[in-house]
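The values are calculated or read from the model by the stated rules, or taken from the named source; none is laboratory data. Treat the numbers as computed from the prediction; the structure is a model and nothing was measured. Quick reminder, even Gly has a Cβ in these numbers, built from the backbone with ideal geometry, and neighbours come from all protein chains shown. Side chains included, ligands, DNA and RNA excluded: accessible areas come from the protein's heavy atoms. Shrake-Rupley method; radii C 1.70, N 1.55, O 1.52, S 1.80 Å.
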Amino acid sequence: MPYRRRTLREWRAYRKLSKTAVAEKLDIHTSTYTRMEDRPETITMLESMELAKVFGCVVGEIIFFEENPNIMLDVSIGS
């Protein structure tokens, strides 16, 4: 399979899994998985590795953040 980045919702649809099926594979409540899809930026590294196993991909193929986030970071050192 070529390297293809997808959101959690896209991976779930691609693998033809329901939210309940994914939650069962992760041994979590369906509402917890729903939160992950709705707010992927809150997912821990351990959770992301578990999700990658469920979807049969690598963590780098899962999109956890917007492609073009509207974030302004102050990266200057010292003022």
So, first residue within 13 Å of Arg9 (Cα to Cα) in the stretch 40-65, second residue open to solvent by 30 Å² or more (accessible area, probe 1.4 Å) and among the polar types (S, T, N, Q), Cβ within less than 8 Å, six or more apart or across chains; the pairs are Pro40/Thr7; Ile62/Thr7; Ile63/Thr7
Per the filter on the stretch 7-16, residues part of a helix (DSSP H, G or I), in contact with a Phe, Trp or Tyr (Cβ under 9 Å, 6 or more places away or on another chain) and open to solvent by 50 Å² or more (accessible area, probe 1.4 Å) are Tyr14
Over the stretch 59-79, the set of residues at pLDDT below 90 and either in a helix (DSSP H, G or I) or of a type in the set (S, T, N, Q) (or both) is Asn68, Asn70, Ser76, Ser79
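Table: residues versus (1) more than 20 Å from Phe65 (Cβ to Cβ); (2) open to solvent by 80 Å² or more (accessible area, probe 1.4 Å).
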position: Arg5; (1), (2): no, yes
position: Asp27; (1), (2): yes, yes
position: Pro40; (1), (2): no, no
position: Met45; (1), (2): no, yes
position: Val54; (1), (2): no, no
Based on what the data block shows, is Leu26 at pLDDT 95 or above and touching an Asp or Glu at 6+ places or on another chain (Cβ under 7 Å)? yes
